[in-house]
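Contents: one structure, followed by commentary.
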Amino acid sequence: NAGSEAGELLNRALTSFDTAAIFTIHGFCLRALQDSAFESGSLYDTELVTDPTPLVREIVEDFWRTRFFGEPAPLLVYALRNGYDCDYFMKFMREMSTNPLRKIIPWYDAAEIEAMERDCLAIFGTLRDFWRGSGAEIREIITSDKGLRRSVDTYRQDLLPGLFNSMDLFVEGDNPYEIFSGFNRFTASGIAAGTRKDKVAPHHGFFDRCQRLLELVNRRFLALKSELVSFCREQLPLRKRERNIRFFDDLLNDLHFALCAENGPALAATLREKYRAALIDEFQDTDPVQYDIFRKIYA
């Protein structure tokens, strides 16, 4: 009867449980890639490297050198003043390189970056003209306006000559990205933040242009992360193939890529035939790559 058949199935399952294939998810992906090398397009004898850090650092340092040690390198001063050194980029890229599906928002392509750089130069030119033509007026507003606070982090009188001198040097230069410490006090938002709550913030076109320039410069540096990710995602597979190595995260990514490729359905069928069912313990369903691998095989 049905009950005895079900009992027999359960007893058979219990007695044969020790013959089940038991893997970590990474181990399963490695076996799938090796046993189905033809279907997955995977190299069989690839060396598995446990620590990707040296290769990622090599690529990040190459990016750093090409962007900051060549001529010209307009973003170098901005980067160093704000603590964005090679180690900062390394930490950022180490987090990004583990998952090829992870995206940067917003993403800037080459055309958008070129347009951004043109806008920076244009607004820098108008800012320079304002300072040269209306510098005395702007100094007078910042020095004498009754609504501005006069603390050490706003507009204290003895600190203003140094602030004005920094602006003199900035506009006489040719690098819109060489933002000096204290530049934000010339921006519209900086002026508003430095105004007493019961007073109206002074207005001037110069403050608006400083605001716009600072926003563009910050955005340009943010776009540098897009360039870094593009560079790393181009270089990392090339260098791994040259050295015939694979990282642990590649086990997931390579199997996922193979399952999504043209031959993916055949690979999924091969794995389904070999592993007729899968019991997944502590499955990381928040990981889109892991989830999609088993969805494509067993859905």
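Of everything in region 104-134, what is open to solvent by 50 Å² or more (accessible area, probe 1.4 Å) and either within 17 Å of the chain's Cα centre (by Cα) or in contact (Cβ under 8 Å) with a residue 40 or more places away in the chain (or both)? Give them in sequence order. Lay out the reasoning, then the answer.
Start the filter on region 104-134 by keeping residues that are open to solvent by 50 Å² or more (accessible area, probe 1.4 Å), which leaves 105-107, 109-112, 114, 117-119, 121-122, 126, 128-130, 132-133.
Across region 104-134, the qualifying residues are Ile105, Pro106, Trp107, Asp109, Ala110, Glu112, Glu117, Asp119, Leu121, Thr126, Arg128, Phe130.
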Residue satisfying all of: in region 4-62; among the charged types (D, E, K, R) and within 29 Å of the chain's Cα centre (by Cα); modelled with the lowest pLDDT among these: Glu47
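From Phe170, Phe231, Phe164, Phe221, which residue is without any contact (Cβ under 8 Å) to a residue 24 or more places away in the chain and hydrophobic (A, V, I, L, M, F, W, C)? Steps first, please.
On the way: Phe231 fails: without any contact (Cβ under 8 Å) to a residue 24 or more places away in the chain; Phe164 fails: without any contact (Cβ under 8 Å) to a residue 24 or more places away in the chain; Phe221 fails: without any contact (Cβ under 8 Å) to a residue 24 or more places away in the chain.
Just one listed residue meets the conditions, Phe170.
Each row is one residue, and each column tells you yes or no for (1) modelled with pLDDT of 95 or more; (2) touching a Phe, Trp or Tyr at 6+ places or on another chain (Cβ under 6 Å); (3) of a type in the set (A, V, I, L, M); (4) over 28 Å from Leu80 (Cβ atoms).
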| site | (1), (2), (3), (4) |
| --- | --- |
| Trp131 | yes, no, no, no |
| Phe164 | yes, no, no, no |
| Asp168 | yes, no, no, no |
| Ser181 | no, no, no, no |
| Leu228 | no, yes, yes, no |
Region 76-87, residues that are modelled with pLDDT of 85 or more and open to solvent by 70 Å² or more (accessible area, probe 1.4 Å): Asp87
Conditions (1) in contact with a Lys or Arg (Cβ under 7 Å, 6 or more places away or on another chain); (2) at pLDDT below 85; (3) surrounded by fewer than 17 Cβ atoms within 10 Å (Cβ to Cβ): number failed by Met96: (3)
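The values are calculated or read from the model by the stated rules, or taken from the named source; none is laboratory data. Predicted model only: the values in this text are computed from it and were never measured. All Cβ positions, even for glycine, are placed from backbone atoms using ideal geometry, and neighbour counts span all protein chains on display. Just the protein is used for accessible areas: all its heavy atoms, side chains included, with ligands, DNA and RNA removed. Shrake-Rupley method; radii C 1.70, N 1.55, O 1.52, S 1.80 Å.
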